[in-house]
Amino acid sequence: TEDDIAFTAEPKIDGLSCALRYESRKLVLAATRGDGVEGEDITANVKTIADIPHELPEDAPDLLEVRGEIYMRKDEFARLNERLEAEGKKLFANPRNAAAGSVRQLDSAITASRPLYFFGYAVADSSEFTTQTEIKDKLDKWEFQIPNTSFEQDIFNTAEELLAYYNHVAQIRAELPYDID
């Protein structure tokens with residue numbers, strides 16, 4: 001019925017929030033959330049992250065802002081800290097701090113040497129989309145990585161279904177290759 005409400009749910013990746021701005025379907029700016037008013041320009045470093053498209057396909061809008069999280073996988077974080085320890089350098093406290101510190105490097109070669117990834121989860125102007133699922137499907141089509149928690153559905157119609165999803169994510173949380181909030 002018209003009164004039915006559908007929900008979508010996905011894990012919140014514990015990474016560095018990042019906005020990617022595309023003009024004429026080309027990546028022109030990457031910025032952190034910063035202090036909530038003004039973010040940091042991290043474009044040069046973000047362009048070294050392999051799974052961030054530098055150019056979008058023809059069906060993408062000319063002007064688009066994709067929001068997501070830059071993160072580091074737990075196993076690669078452990079290897080990075082082992083390497084830093086062997087070099088006598090300061091270790092990172094967690095994968096989120098490692099990702100944030102990596103994209104804030106003055107030398108993008110350092111960023112490029114770090115195992116960073118990006119999950120897209122939103123677009124700034126979503127007026128052409130009617131559901132979050134449509135946004136995720138389009139981001140996937142445009143070759144952005146999106147979270148996958150091996151759950152059979154991504155649309156939930158009842159509180160019970162949402163609770164089952166929550167419990168599923170809680171059960172597999174330790175097995176996920178990345179941290180979640």
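Observations, loosely collected:
- Taking 0.692 mPa s as the viscosity and 37 °C as the temperature, the Stokes-Einstein diffusion coefficient of the range 80-155 based on its alpha-carbon Kirkwood radius rounds to 215 µm²/s.
- The residues of the range 1-110 expose, per residue, 57 Å² of accessible area to a 1.4 Å probe.
- R0 of 45 Å, Cβ-Cβ distance ASP137-GLU85: FRET efficiency to nearest 0.05: 0.60
- Model label zone, ASP125; criterion: amide N under 13 Å from point 7 Å along Cα-to-beta-carbon; scope the range 31-75: 61-66
- Put simply, when 70-80, 95-105 are sorted by average Cβ atoms within 10 angstrom per residue, most first, you get 95-105, 70-80.
- Sites ASP75 and LEU106 - FRET efficiency at Förster radius 25 Å, r taken between beta-carbons, to 0.05: 0.40
- Estimated purely from DSSP H runs of n ≥ 4, each contributing -39500 (n - 2.57), the mean residue ellipticity at 222 nm for the chain is -8500 deg cm²/dmol once divided by its residues.
- Length gained on full extension, GLU175 to ASN157, computed as 0.36 nm times the residue gap minus the Cα-Cα distance: 3.8 nm.
- A quarter of the convex hull surface defined by the alpha-carbon atoms of the chain gives 12.1 nm² as the mean projection.
- Charge context of GLU134, other residues only, Cβ under 15 angstrom, K/R +1, D/E -1: -4
- With q set to 0.29, 0.34 Å⁻¹, the log10 of I(q)/I(0) for the range 47-90, from the Debye formula over equal scatterers at the Cα positions, is -1.10, -1.17.
The values are calculated or read from the model by the stated rules, or taken from the named source; none is laboratory data. Source: prediction; values computed, not measured. So basically every Cβ, Gly included, is an ideal-geometry build from the backbone, and we count neighbours across all protein chains shown. Each accessible area value is taken on the protein alone, full model and side chains, heavy atoms only, with ligands, DNA and RNA left out. Shrake-Rupley method; radii C 1.70, N 1.55, O 1.52, S 1.80 Å.
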